[in-house]
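The values are calculated or read from the model by the stated rules, or taken from the named source; none is laboratory data. Predicted, not measured: the structure shown is a model, and the values here were computed from it. Methodologically, a virtual Cβ is constructed for each residue, glycine included, from the backbone with ideal geometry; neighbour enumeration extends over all protein chains shown. Ligands, DNA and RNA are stripped out before the accessible areas are found, and what is left, the full protein with its side chains, is counted by its heavy atoms. Shrake-Rupley method; radii C 1.70, N 1.55, O 1.52, S 1.80 Å.
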Amino acid sequence: MEAFLLTKKVGGCTEKTLAMYRWWLDRLVREVQVPDTVGVRKFFVRLSESGLSHSTQHQAFRVFRVFFRWALDCGAMTSDPLRGFTMRTPKTLPQVPSLDEVRAVLASCQDTLEGVRNRAMILVLADSGLRASELLGLLVEHWNPADRSLFVRSGKGRKDRVVFVGATTTRALKEWLARHPAPAPESYLFTDRQGRRVKHRHLVTLLHRLSAKAGLPEHRWLHPHALRHFAATSWLREGMGLDEVRRLLGHETLHTTLRYSSLVSKDLQQAHKKASAVDRTGLGDV
């Protein structure tokens, strides 16, 4: 296991991915005495009976699949315990906040240093489609007001890319930078009053607090990734091509991006239901 983790670290895996590998492999060591076909399948039966979501169970499957294949390649194992065992990827659609919900949360941001910062963060997430980690890793120098772009260094998969925002978000960023406690080029773009980087947990907490203040029910509270979904579906509704959406979101392939097209198709279905030419004109009665 340690050799596998070292191999992945040298291969360029992020600390977050390595932590996920370690967590599941530690659990495998604790709960499976003999990692053979029967032992590993019983492990997944227990996962299913424990009530874990299909997405979490599939995460374990992906980790073990990578680990066992590596162990086979380097001769540490003679057979793959997962051979003949498959688990379908969960076909879940993302929950997208409505325009009114995002507007209500923005209206809850007060005219204080934190309020101006929170408004700017929400608009950047909703306008650029950034992941939370990408947003919080931005430096002041990564913002280019000339072309309204943000440079993302070492995003998911350690890939760099450029994203863009509109005029409204640009004004919000300028207002925040005018109040930024330490707006040096090498400073983090979003900080607290002491100039310390906003952490992921803090971002989630403040979004939940603002959502509650805006009167949203708990199951509709905003989350950083929900705003990424909001950006993607908005682009598609306005006619942006799938490949452009993929590149802006930083997806490796179109497979993940296609989930958003399903949501937009549902919107179109509802719109057609309200404006069906045949139903509204009574052609079926002829």
Query raised in the report: Can R83 be described as open to solvent by 80 Å² or more (accessible area, probe 1.4 Å) and free of Cβ contacts under 8 Å to residues at least 12 places away in the same chain?
Result: no
**Report entry** Sole exception among (1) in contact with a helix residue (DSSP H, G or I) (Cβ under 8 Å, 6 or more places away or on another chain); (2) surrounded by 14 or more Cβ atoms within 10 Å (Cβ to Cβ); (3) more than 19 Å from K199 (Cα to Cα) for P145, by number
**Finding:** (2)
**Report entry** Subset of the range 137-164 (residues that are closer than 25 Å to G115 by Cβ, touching a strand residue (DSSP E or B) at 6+ places or on another chain (Cβ under 7 Å) and of a type in the set (A, V, I, L, M, F, W, C))
**Finding:** L138, L139, W143, L150, V163, F164
Requested in this report: Within the range 277-284, identify whether any single residue is over 23 Å from G129 (Cβ atoms), open to solvent by less than 60 Å² (accessible area, probe 1.4 Å) and modelled with pLDDT under 75, and answer yes or no.
Outcome: yes
**Report entry** the range 204-219, residues that are touching a residue at least 12 places away in the same chain (Cβ under 8 Å) and assigned to a loop (DSSP other than H, G, I, E, B)
**Finding:** A214, G215, L216
Query raised in the report: Just to be sure, is T56 touching a residue at least 40 places away in the same chain (Cβ under 8 Å) and surrounded by fewer than 16 Cβ atoms within 10 Å (Cβ to Cβ)?
Result: no
Query - Failed condition for L222, given (1) open to solvent by less than 60 Å² (accessible area, probe 1.4 Å); (2) of a type outside the set (V, I, T); (3) touching a residue at least 40 places away in the same chain (Cβ under 8 Å); (4) assigned to a helix (DSSP H, G or I) - result: (4)
Report summary line: All-but-one check, V152 against (1) without any contact (Cβ under 8 Å) to a residue 24 or more places away in the chain; (2) under 26 Å from T256 (Cα atoms), failing number (1)
Query raised in the report: Being at pLDDT 90 or above and among the hydrophobic types (A, V, I, L, M, F, W, C), is that true of even one residue in the range 48-59?
Result: no
Report task. Just need a number here: residues in the range 231-260 that are part of a helix (DSSP H, G or I) and surrounded by 15 or more Cβ atoms within 10 Å (Cβ to Cβ). Result -> 14
Query raised in the report: Quick check, is R62 under 20 Å from the mean Cα position of the chain (by Cα), open to solvent by 80 Å² or more (accessible area, probe 1.4 Å) and at pLDDT 90 or above?
Result: yes
Report summary line: Exactly one of L189, L242 is at pLDDT 95 or above, within 21 Å of the chain's Cα centre (by Cα) and within 23 Å of V163 (Cα to Cα), and that residue is L189
Requested in this report: Would you be able to tell me the number of residues in the range 149-173 that are open to solvent by 60 Å² or more (accessible area, probe 1.4 Å), outside any helix (DSSP H, G or I), under 26 Å from T233 (Cβ atoms) and among the hydroxyl-bearing types (S, T, Y)?
Outcome: 0
Query raised in the report: Which residue pairs have Cβ atoms closer than 7 Å, lie 6 or more positions apart in sequence or on different chains, and pair a first residue in the range 232-256 that is on the phi > 0 side of the Ramachandran plot with a second residue that is outside any loop (DSSP other than H, G, I, E, B)?
Result: G250/R161
Query raised in the report: Of all residues in the range 174-203, which are under 18 Å from L130 (Cβ atoms), open to solvent by 100 Å² or more (accessible area, probe 1.4 Å) and assigned to a loop (DSSP other than H, G, I, E, B)?
Result: K199
Query raised in the report: In the range 128-149, which residues are over 18 Å from Y188 (Cα atoms), free of Cβ contacts under 8 Å to residues at least 24 places away in the same chain and not charged (D, E, K, R)?
Result: A146
